[in-house]
Amino acid sequence: MGRILDDTDRAIVNGLQGGFPLTETPFADAAAKFGIGEDELIARISGLADDKLLSRFGPMYNAERLGGALSLCAMQVPEARFEEVAARVNAHDEVAHNYARAHALNMWFVVATEQPEQKDAVLDEIRHETGIEVYDFPKIEEFFIGLKVEV
Amino acid sequence: MNQSVPAPRFSAPDAIDRRIIAATQTGLPLVARPYDAIGEEIGIGGAEVIARLKKMLECGIIRRIGVVPNHYALGLTANGMSVWDVEDEHIAKLGRRVGALDFVSHCYQRPRHLPLWPYNLFAMVHGTSQAEVDDKVAAIAKLLAGAVRGHDVLVSTRILKKTGLRIAA
């Protein structure tokens, strides 16, 4: 990491992972608890985001509550075809994240669609384009989702 | 703060909500009055933006509002997707306990795909080193002892794609 966080940065990252005020001047209202002013809070969040220490700042939406579908999917891709299959999978806009993982099921990705019925269609397209089975792991129960990062 | 709660009075987002979502899904404007700025962009008042965000937060369309740390850049470069074959009758109780651990960022019950995939509990574990991840997985194993038939840890070797979720207005 190319940046050393000072105590105030750390307090912001740890203390502002939720609860950003829904008020007319939220930065001014949030800044008080960090002992800084509105302008400084804006500048620090902006700096943390520019340095990629934050992936985002704002509302985190729950895709499923928006009426769409979201699922974790996995494929068992032969090593020789890995790059080609990754490119085919990633070419779908509905694929939000995709990770190579060390396992027989070596490609794991998240598919999010705006209409629930689109999800199966996307998985079928990927099966058809690659000739490889796509295993679908839709959530049955959510026990926690969040980033309890302490820096 | 981070705990997801059952949604009260869920109502589907309407057209104006969806425009607010489209305008804010990549982030809030970094200006003194961000909700006014969003309102201006979509042609409503800042107070209405606030009221609608508040409602979406209350009913769970928005999980939370704030900074979303980049695990990787913050030094949590090691992670493992730990997966567990937990007896079905115990998964509700044990899933909640695993999800409450502070080093677990996502915790879900998902379907098995037998015989290839016997695991039904997924818990994403983060750490500053692989050894730290291993220690944390061992802590989960201890917590699940007696109710788990097997587990594995899938280490990510490469990010192939990472984009936010996109919602059209």
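Enumerate the amide H contacts of B:Arg110 below 5 Å, restricted to partners 5 or more residues apart or on another chain; note that Pro and chain-start residues carry no placed amide H.
Here the answer is A:Ile140, B:Leu121, B:Phe122, since their amide H atoms fall under 5 Å of that of B:Arg110.
Could you order the peptides B:101-111, A:78-88 from most to least packed, using the average number of other C-beta atoms within 10 Å per residue? Please report the intermediate quantities before stating the final value.
Numbers: B:101-111: 19.2, A:78-88: 13.2.
Descending mean neighbour count gives B:101-111, A:78-88.
Relative contact order (percent) for the stretch B:78-155, with alpha-carbon contacts under 8 angstrom and 6 or more residues of separation? Write down the numbers at each step before the final one.
Working: 133 pairs, mean separation 37.5, N = 78.
That works out to 48 percent.
For the stretch B:78-155, with only Lys/Arg (+1) and Asp/Glu (-1) charged at the beta-carbon, what is the dipole magnitude about the Cα centre, in debye rounded to 20? Please list the in-between numbers first.
Details: 8 positive and 9 negative charges, 39 e Å.
The dipole of the stretch B:78-155 has a size of about 180 debye.
Please work out the FRET efficiency for the pair A:Asp120 and A:Arg88, using the Cβ-Cβ distance as r and a Förster radius of 22 Å; give the result to the nearest 0.05. If you can, show how the numbers build up before the last one.
Numbers: r = 18 Å, r/R0 = 0.80.
Approximately 0.80, to the nearest 0.05.
Can you return the aspartates and glutamates within cross-link range of B:Lys55? Criterion is Cα-Cα under 15 Å, with same-chain partners fewer than 8 residues away left out.
Reachable aspartates and glutamates: B:Asp14, B:Asp17.
For the stretch A:85-94, take each phi angle, set θ = phi - 60°, evaluate the Karplus expression 6.51 cos²θ - 1.76 cosθ + 1.60, and give the result in whole Hz per residue in order, putting x for glycine and proline.
5, 4, 5, 5, 5, 5, 5, 7, 4, 6
Mind checking the dipole of the protein assembly as shown: about its Cα centre, +1 per Lys or Arg Cβ, -1 per Asp or Glu Cβ, Debye to the nearest 20? The partial results should precede the final answer.
Numbers: 35 positive and 43 negative charges, 94 e Å.
Its charge dipole is roughly 460 debye.
Give me the percent relative contact order of the stretch A:7-50, please, defined on Cα pairs under 8 angstrom at least 6 residues apart. Write out the running numbers ahead of the final one.
Working: 24 pairs, mean separation 13.5, N = 44.
Over the stretch A:7-50, the number comes to 31 percent.
Using 0.36 nm per residue, how much length does the chain from B:Leu143 to B:Ile42 gain when fully extended, once their Cα-Cα distance is taken away? Spell out each step's value before the answer.
Numbers: separation 101, 0.36 × 101 = 36.36 nm, distance 4.93 nm.
Using 0.36 nm per residue and subtracting the Cα-Cα distance, I get 31.4 nm.
What's the angle, to the nearest 10 degrees (0 to 90), between helix B:15-24's Cα axis and the longest principal axis of chain B?
For B:15-24 against chain B, the angle is about 70 degrees.
To the nearest Å, what is the center-to-center distance of the stretch B:97-169 and the stretch B:45-79, using C-alpha atoms only?
22 Å
Could you calculate the contour length gain from B:Ala92 to B:Arg158, that is, 0.36 nm times the residue separation minus the distance between their Cα atoms, to one decimal place in nm? Walk me through the numbers on the way to the answer.
Details: separation 66, 0.36 × 66 = 23.76 nm, distance 3.17 nm.
Difference between extended and current length: 20.6 nm.
Can you tell me the dipole magnitude for the stretch A:1-44 around its Cα centre, using point charges on the Cβ only (Lys, Arg +1; Asp, Glu -1), in Debye to the nearest 20?
With Lys and Arg at +1 and Asp and Glu at -1, about 220 debye.
Which of A:Gly19, A:Gln115, A:Ile4 sits farthest toward the positive end of the charge dipole of chain A, with +1 on the Cβ of Lys and Arg and -1 on the Cβ of Asp and Glu?
Positive-most Cα among the choices belongs to A:Ile4.
Over the stretch A:1-147, what is the mean sequence separation of C-alpha contacts under 8 Å (at least six apart), divided by residue count, expressed as relative contact order in percent? If you can, show how the numbers build up before the last one.
Values: 156 pairs, mean separation 31.2, N = 147.
It rounds to 21 percent for the stretch A:1-147.
Take the residue pairs A:Lys33/A:Lys139; B:Lys136/B:Lys162; B:Lys54/B:Lys162; A:Lys33/A:Lys119; A:Lys33/B:Lys54; A:Lys52/B:Lys142 and return only those whose Cα atoms are more than 32 Å apart. Could the numbers behind the result be given before it?
Values: A:Lys33/A:Lys139 37 Å; B:Lys136/B:Lys162 25 Å; B:Lys54/B:Lys162 28 Å; A:Lys33/A:Lys119 43 Å; A:Lys33/B:Lys54 21 Å; A:Lys52/B:Lys142 35 Å.
From A:Lys33/A:Lys139; B:Lys136/B:Lys162; B:Lys54/B:Lys162; A:Lys33/A:Lys119; A:Lys33/B:Lys54; A:Lys52/B:Lys142, over 32 Å: A:Lys33/A:Lys139; A:Lys33/A:Lys119; A:Lys52/B:Lys142.
If you take the charge dipole of the protein assembly as shown about its Cα centre, with +1 on Lys and Arg Cβ and -1 on Asp and Glu Cβ, which of A:Asn90, A:His128, B:Ser105 is farthest toward its positive end?
Highest projection toward the positive end goes to B:Ser105.
Could you work out the local net charge near B:Val49, counting Lys and Arg as +1, Asp and Glu as -1, over the other residues with Cβ closer than 12 Å to its Cβ? List each step's numbers first, then the result.
Working: positive: B:Arg19, B:Arg33, B:Arg52, B:Lys54, B:Lys55; negative: A:Glu24, B:Asp17, B:Asp36, B:Glu40, B:Glu41, B:Glu48.
That sum, taken over residues with Cβ under 12 Å, equals -1.
Taking each residue in A:17-29, count the Cβ atoms of any other chain within 10 Å of its Cβ, then average. What number comes out? Let's see the in-between values first.
On the way: counts 8, 9, 5, 7, 4, 9, 3, 8, 5, 7, 6, 2, 0.
Whole-number average of other-chain Cβ neighbours for A:17-29 is 6.
Hey, rough spin-label estimate for B:Ser129 and A:Thr23, points 7 angstrom out along Cα→Cβ, what's it come to in nanometres?
Here the answer is 4.4 nm between the modelled labels.
Rounded to the nearest Å, what's the spacing between the alpha carbon centres of the stretch A:32-52 and the stretch A:73-151? Just the number, please.
Taking the Cα centre of the stretch A:73-151 as reference, the centre of the stretch A:32-52 is 35 Å away.
Using 0.36 nm per residue of separation minus the Cα-Cα distance, give me the extension gain between B:Arg112 and B:Thr77 in nm, one decimal.
Numbers: separation 35, 0.36 × 35 = 12.60 nm, distance 2.83 nm.
Between B:Arg112 and B:Thr77, full extension yields an extra 9.8 nm.
Enter the mean number of other protein chain beta carbons within 10 Å of the beta carbon of each residue in A:46-55, as an integer. Please list the in-between numbers first.
Details: counts 1, 0, 5, 5, 0, 2, 4, 7, 8, 10.
Partner-chain Cβ atoms within 10 Å, mean over residues of A:46-55: 4.
Read-outs: derived from the displayed coordinates by stated rules, not from any lab. Predicted model only: the values in this text are computed from it and were never measured. Every residue, glycine as well, gets a Cβ built from its backbone with ideal geometry; the counts of neighbours run over all protein chains shown.
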